[in-house]
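Read the structure below first, then the notes.
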Amino acid sequence: MSVAFTKEDSAETASETLLPDRPVSPHPNLVTEAGLKALEYQLQQAREAYETAQKIEDVNERRRQAATPLRDVRYFAARVRTAQVITNPTSTDTVAFGSTVTFRRDDARVQKYHIVGEDEADPKCGDDGQVPELRCNGRNGVEKFVADLLYGRA
């Protein structure tokens, strides 16, 4: 095998392992204090995975193993950098970012939603008895959510 063939193969492999960036929302990056901590933890995990991949001797395998963590490091670093921490509301008089909203539907079902930012929302968490979280795109998202609840669209 010639050296030229090896270099060409490595270049092809390198181009195949450059993953596109994860999409970043155009909305303000509102997070709760817990949401910021979660983003920082995910950034730390991605950095550790990238550092682990860098220890692999085979250059092609190293590139393959590092591709996803490198993309995640870029994403989470951007999300941490742009995070706007909103403190939890101190009053229950007004629904706001960070509020937990409880309501009863016409069919007598009681539902709860925790209003959080895009990165910390996990709609599946309602399945295990926890309060489901509602993604909220900026302050207008909270207003839209409340209107949707009032008019039966949520």
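For residue 115, the conditions (1) modelled with pLDDT of 80 or more; (2) not in a strand (DSSP E or B) all hold with the exception of (2). Quick one: what pairs do we get from segment 24-36, first residue under 17 Å from residue 98 (Cα atoms), second of a type in the set (Ser, Thr, Tyr) and outside any helix (DSSP H, G or I), C-beta under 9 Å, 6+ apart or different chains? Sorted first by the residue in segment 24-36, then by its partner, the pairs are 32/87; 33/87. Looking at segment 41-57, can you tell me whether even one residue there is within 30 Å of residue 114 (Cβ to Cβ), surrounded by 14 or more Cβ atoms within 10 Å (Cβ to Cβ) and among the hydroxyl-bearing types (Ser, Thr, Tyr)? Checked against the condition, which is being within 30 Å of residue 114 (Cβ to Cβ), surrounded by 14 or more Cβ atoms within 10 Å (Cβ to Cβ) and among the hydroxyl-bearing types (Ser, Thr, Tyr), segment 41-57 yields no hits at all.
Can you name every residue in segment 102-113 that is over 22 Å from the mean Cα position of the chain (by Cα) and within 19 Å of residue 34 (Cα to Cα)? Within segment 102-113, none qualify. Taken across segment 73-91, residues that are farther than 19 Å from residue 36 by Cβ, of a type outside the set (Lys, Arg) and surrounded by 17 or more Cβ atoms within 10 Å (Cβ to Cβ) do not occur at all.
The values are calculated or read from the model by the stated rules, or taken from the named source; none is laboratory data. From a predicted model like this one, the values you see are computed outputs, not experimental measurements. Neighbour counts are summed over all protein chains in view; Cβ atoms, including those assigned to glycine, are modelled from backbone coordinates with ideal geometry.
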